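Report on one structure; see the data block that follows.
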Amino acid sequence: MKTTKATLQRHLNQFLRQYRKAAHFTTGQSPAQLFLGRDLRTRLNLTRPDDISAKVLEKQRAEMQFTFRTMEDGQRVYFLSGNQKLDKWLHGTISKRLGDLHYEINYQDKQIRRHIDQIRTFQGQIEVPTYDRQRHIRYYKETPTAPAARTSIREPEPPVIPGNTPHTPRIPRRSNRVIRLPMRYSPN
């Protein structure tokens, strides 16, 4: 080690590299092969390149395995609605595949595009809704048809408060917190 001008650290690194690429007597494999699953590349590998045609044939014969989920056309799925007024997950059918990760979904005769992460496989039976699944909040006078609509939408009956007739709109409860303007930095 004293014959060259390299540092002790460099000599130690060279020694360890040679040790890690040499085959061990008991295992028959190098420590790098056992740890990394491959041999280390050295300058000697650059002087004698591997047979490229053999590598190309090996890659061509390799079976394609997807690392992501795939959906079939006509498959029933749940997908994120993206609309706060609708339910979070809606059910539809895959109409076509747009790419590796994007699909077009048929929902109520509308075509909606979603990423595979926004789609879940459908399991079970579709429940047939007996009412409109949109969420409605009503703060207006009741009409003669309103009680029938309330039972079909399954909204709870408002509590009867003395002095509060059904024809007066209910005032929503508000917070009593004092709202202050933000304090912005000013160098003056």
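Derivation of every value follows stated rules applied to the coordinates shown; laboratory data play no part. Everything quoted here is computed from the prediction, not taken from an experiment. A quick note on method: Cβ atoms are made from the backbone with ideal geometry, for glycine too, and the neighbour counts reach across all protein chains shown.
Listed here are the residues, each with its yes/no results for (1) surrounded by 11 or more Cβ atoms within 10 Å (Cβ to Cβ); (2) closer than 30 Å to ILE116 by Cα; (3) in contact (Cβ under 8 Å) with a residue 40 or more places away in the chain.
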position: THR7; (1), (2), (3): no, no, no
position: TYR19; (1), (2), (3): yes, no, no
position: ALA23; (1), (2), (3): yes, no, no
position: GLY28; (1), (2), (3): no, no, no
position: LEU34; (1), (2), (3): yes, no, no
position: ARG38; (1), (2), (3): no, no, no
position: ASN45; (1), (2), (3): yes, no, no
position: ARG48; (1), (2), (3): no, no, no
position: GLN60; (1), (2), (3): no, yes, no
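Of the residues making up region 72-92, those that are under 12 Å from ARG114 (Cα atoms) and either in contact (Cβ under 8 Å) with a residue 40 or more places away in the chain or more than 18 Å from the chain's Cα centre (by Cα) (or both) are VAL77, TYR78, PHE79, GLY92. Restricted to region 93-111, and to residues that are under 19 Å from the mean Cα position of the chain (by Cα) and not acidic (Asp, Glu), which residue is nearest to GLN123 (Cα to Cα)? That would be ILE94.
Being over 30 Å from THR121 (Cβ atoms) and of a type in the set (Gly, Ala, Ser) is not true of ALA62.
Selection of region 16-31 for residues being of a type in the set (S, T, N, Q) and in a helix (DSSP H, G or I) yields only GLN18.
In region 86-118, how many are farther than 25 Å from THR67 by Cα and basic (Lys, Arg)? Of the residues in that region, 2 qualify.
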